[in-house]
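Colleague: Here it is: the structure, laid out below.
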Amino acid sequence: MYKTTTPSRSQFAVLRQICNLIPSHLVPRLARETGVDKKARTFSPWSHLISLIYAHLTHAIGLNDVCDALRLHSGLLVTLRAATPPSRNNLSHANKERDASLAEKVFWAVLGHLQSLQPAFARGNRGKGVARRFRRVIHVVDSTTIQLVASCMDWAKHRRRKAAAKCHLRLDLHSFLPRFAIIDTARENDAKRSRELCAAIRAGEIVVFDKAYVDFAHLFDLLGRGVFWVSRAKDNMACEVLKTLPVAGRILRDEIVVLRNAGAFADYPDVMRRITALVEIDGTDLEMVFLTNNMEWSPASVADLYRCRWSIEAFFKQIKQTLQLADFLGHSANAVRWQVWTALLVYVLLRFLAFVHGWHHSFTRLFTLVRTALWRRWNLASLLNSYGTASGAFGFIATPQQPCFNGF
């Protein structure tokens, strides 16, 4: 029979214990560096940051939701380094006018601070599955679309009646920590961002991406840099088969090919490998065609590498469904940047808590538990260790590591 254990008491509310992970000197110093402190009179940059963190942790759906709740808990809020509740106008104006680079710098500084406290937090697990087989850094690249309101956000329109931002992400497969991300409007084609996403990849490392990122000139550049890449072939790719390699099992064809189109051949004047395999998706076998510049791996390993790309979809799903990236507290590009950066910050803070306290359940359950106990004076470690209605360990997916916001 399951028994509930009451968490031990603490002199601090759960929200304060979470925010204490942010160094006390950090936000004031960065506010001075970015010039945000000059625009802050009655509503400090620290109070602004706390308000947005609270909005994410409670899934607040509007400015009134945030402001009214913080005003009701102003007694406990002031214990968070003298944070004050905002008025609707103050919060709206701060989101619109204060440089969102402050949130960006806070995110980087906090992430570096947490990694210095626990180096294993960023190291990840390098001993399982495909990662163990290859023993080298494997990057996964993909993008996701964040829907916005077209009637209010003209800067993000990409179709007649639709507006959206797009997140291009490069994820480290070993640790599930994103290494680079670009947030831009959805008008940008994925292939145009491929060079930026892969710029920091080193020789000997592997990058896996969808066919939307295929740019033959960029692929040839990766080949020259000694980077191994794996992708899917586009349906209209014209090529000539130079050599056929032996196959077995679920591998249908393994071929050495060269591009036949004159323009494509000018961009990639070398051979590449084309592998056709049966891949099971939702219980159904589908035929997929993969491309790579590595001539030594087994064809099954190439298919397994591409299958790892699907893990980034789970990361996108978790970020968008758990944190508040559906209802935005402002219509300007700067307000959206503030909300996205603080969402990534909250994700890092919760993931760090899960790592430190050995949380074995899902991130979603951690989020819902913390959300219900924000203003309770419970010891956070005791709360996490006393919780549990399910056994077993559940894997975590990703922590933001290097995002940048271009085009806003």
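The values are calculated or read from the model by the stated rules, or taken from the named source; none is laboratory data. Computed from a predicted structure; not experimentally measured. Cβ: placed from backbone, ideal geometry, glycine included. Neighbour counts: every protein chain shown. Surface areas here come from the heavy atoms of the whole protein model, side chains and all, with no ligands, DNA or RNA. Shrake-Rupley method; radii C 1.70, N 1.55, O 1.52, S 1.80 Å.
Colleague: If DNA, RNA and ligands are ignored and the probe is 1.4 Å, what is the ranking of Trp341, Trp375 by accessible area, most exposed first?
Modeller: Values: Trp341 0, Trp375 45 Å².
Reading off the accessible areas and sorting them downward yields Trp375, Trp341.
Colleague: Turning to a different aspect of this structure: For the residue pair His59 and Asn385, what label-to-label distance in nm results when each label sits 7 Å from Cα along the Cα-to-beta-carbon direction?
Modeller: Going by the 7 Å Cα→Cβ label model, 3.0 nm.
Colleague: Compute the acute angle (0 to 90°) between the alpha-carbon long axis of helix 311-322 and the principal axis of greatest extent of the alpha-carbon atoms of the chain; round to the nearest 10°.
Modeller: Between helix and principal axis, roughly 20 degrees.
Colleague: In units of 2.2 N^0.38 Å, what is the alpha-carbon radius of gyration of the range 260-337?
Modeller: 1.70
Colleague: Here's another thing I want to ask about it. Cross-link list Lys192/Lys243; Lys166/Lys211; Lys39/Lys105; Lys38/Lys96; Lys96/Lys317; Lys166/Lys192: which exceed 20 angstrom alpha carbon to alpha carbon? Mind dumping the intermediate values first?
Modeller: Working: Lys192/Lys243 32 Å; Lys166/Lys211 17 Å; Lys39/Lys105 17 Å; Lys38/Lys96 15 Å; Lys96/Lys317 27 Å; Lys166/Lys192 13 Å.
Among Lys192/Lys243; Lys166/Lys211; Lys39/Lys105; Lys38/Lys96; Lys96/Lys317; Lys166/Lys192, the Cα-Cα distance tops 20 Å for Lys192/Lys243; Lys96/Lys317.
Colleague: I need the phi-derived Karplus couplings for the range 56-69: 6.51 cos²θ - 1.76 cosθ + 1.60, θ = phi - 60°, integer Hz, Gly and Pro marked x.
Modeller: 6, 5, 10, 6, 4, 9, x, 4, 4, 4, 5, 5, 5, 5
Colleague: Ok, one more. What accessible area per residue comes out for the chain, rounded to a whole number of Å², with a 1.4 Å probe? Mind dumping the intermediate values first?
Modeller: Numbers: 18440 Å² over 408 residues.
So the chain comes to 45 Å² accessible per residue, rounded to a whole number.
Colleague: Which value in deg cm²/dmol, rounded to the nearest 500, describes the helix-derived mean residue ellipticity at 222 nm for the chain, given -39,500 (n - 2.57) per DSSP H run of n ≥ 4 and division by the residue count? Let's see the in-between values first.
Modeller: Numbers: 17 runs with 164 residues, N = 408.
Rounded to the nearest 500, the figure is -11500 deg cm²/dmol.
Colleague: Amide H to amide H under 5 Å from Cys239: which residues, 5+ apart in sequence or cross-chain, H placed 1.01 Å off N in plane?
Modeller: Arg260
Colleague: Along the range 136-143, what does the Karplus equation 6.51 cos²θ - 1.76 cosθ + 1.60 (θ = phi - 60°) give for ³J(HN,Hα), rounded to whole Hz, x for Gly and Pro?
Modeller: Taking θ as phi minus 60°, the curve returns 8, 5, 10, 9, 10, 10, 6, 9 Hz for the range 136-143.
Colleague: Right, another one. Assign unit charges at the C-beta atoms only (+1 for Lys and Arg, -1 for Asp and Glu), then state the dipole size of the range 277-330 relative to its Cα centre in Debye, rounded to the nearest 20.
Modeller: Charge dipole of the range 277-330: 280 debye, to the nearest 20.
Colleague: For Leu72 and His360 in one chain, what is 0.36 nm times their gap in residues minus the Cα-Cα distance, to one decimal in nm? Intermediate results must be reported in sequence, preceding the final value.
Modeller: Numbers: separation 288, 0.36 × 288 = 103.68 nm, distance 3.36 nm.
Between Leu72 and His360, full extension yields 100.3 nm more.
Colleague: Which values of log₁₀ I(q)/I(0), to two decimal places, follow from the Debye formula for the range 54-124 at q = 0.13, 0.18, 0.28 Å⁻¹ with a uniform point scatterer at every Cα?
Modeller: -0.55, -0.89, -1.19
Colleague: What share of the DSSP beta bridges in the range 195-341 is antiparallel, in percent to the nearest 5? Working shown, then result.
Modeller: Values: 23 of 26 bridges.
Beta bridges within the range 195-341, antiparallel portion: roughly 90 percent.
Colleague: Ranked highest first by the average count of other Cβ atoms within 10 Å around their residues, in what order do 109-119, 343-353 fall?
Modeller: Working: 109-119: 14.8, 343-353: 22.4.
Top to bottom by mean Cβ count within 10 Å: 343-353, 109-119.
Colleague: Along the positive direction of the dipole of the chain (beta-carbon charges: Lys, Arg +1; Asp, Glu -1; about the Cα centre), which of Ser298, Gly62, Ala82 reaches farthest?
Modeller: Among Ser298, Gly62, Ala82, the one farthest towards the positive end of the dipole of the chain is Ala82.
Colleague: Right, something else. If each residue of separation counts as 0.36 nm, what is the full-extension length gain between Lys192 and Ala120 once their alpha-carbon separation is subtracted? Walk me through the intermediate numbers first.
Modeller: Working: separation 72, 0.36 × 72 = 25.92 nm, distance 3.42 nm.
Gain on stretching Lys192 to Ala120: 22.5 nm.
Colleague: Now, a different point. Here are several values of Rg and Dmax of the Cα atoms in Å: (i) 30.2, 101; (ii) 23.7, 74; (iii) 24.4, 82. Which one was derived from the coordinates shown?
Modeller: So the calculated entry is the one marked (ii).
Colleague: Whenever you get a sec, line up Arg71, Arg193 from highest to lowest accessible area (probe 1.4 Å, protein heavy atoms).
Modeller: Details: Arg71 115, Arg193 20 Å².
Sorted descending by solvent-accessible area, the residues read Arg71, Arg193.
Colleague: Return, for the Cα atoms of the range 169-324, the radius of gyration and Dmax in Å, separated by a comma.
Modeller: 16.1, 52
Colleague: Calculate the dipole size of the chain relative to its Cα centre from +1 charges on Lys and Arg beta carbons and -1 charges on Asp and Glu beta carbons; express the result in debye to the nearest 20.
Modeller: Working: 54 positive and 32 negative charges, 240 e Å.
Using only the charged Cβ atoms, the result is roughly 1160 debye.
Colleague: Follow-up question, since we're still on this one. In nm, give the distance between the simple-model label positions of Asp99 and Arg377, each being 7 Å from the Cα along the Cα-to-Cβ direction.
Modeller: Taking the two extended label points, one gets 4.1 nm.
Colleague: Gln321 label point, 7 Å along Cα→Cβ, cut-off 20 Å on backbone N: hits in the range 371-385?
Modeller: Only 371-372 fall inside the zone, counting backbone N under 20 Å.
Colleague: For the chain, with a Gaussian network of springs between Cα atoms less than 10 Å apart, report the residue from Leu369, Leu30, Leu80 with the top mean-square fluctuation.
Modeller: Judging by the Gaussian network model, the answer is Leu369.
Colleague: Here's a follow-up. To the nearest 20 debye, what is the magnitude of the charge dipole of the range 303-361 about its Cα centre, counting +1 on the Cβ of each Lys and Arg and -1 on the Cβ of each Asp and Glu?
Modeller: On the way: 6 positive and 3 negative charges, 15 e Å.
Here the range 303-361 has a charge dipole of around 60 debye.
Colleague: Work out the charge dipole of the chain with +1 on the Cβ of Lys and Arg and -1 on the Cβ of Asp and Glu about the Cα centre, then indicate which of Ala181, Val14, His360 is farthest towards its positive end.
Modeller: Value: Val14.
Colleague: Which residue, Asn334, Leu383, Cys308, has the largest displacement toward the positive end of the dipole of the range 304-390 when charges sit on each Cβ (Lys, Arg +1; Asp, Glu -1)?
Modeller: The residue sitting farthest along the positive end of the dipole is Leu383.
Colleague: Follow-up question, since we're still on this one. Taking every pair of alpha-carbon atoms in the range 221-300, give the share separated by more than 21 Å as a whole percent. Mind showing how you got there, number by number?
Modeller: Numbers: 909 of 3160 pairs.
Tail fraction, whole percent: 29.
Colleague: Of the DSSP beta bridges with both residues in the chain, give the percent that are antiparallel, rounding to the nearest 5.
Modeller: 80
Colleague: Between Ala314 and Ala300, with labels modelled 7 Å along Cα→Cβ, what's the label distance in nm to one decimal, could you check?
Modeller: 2.2
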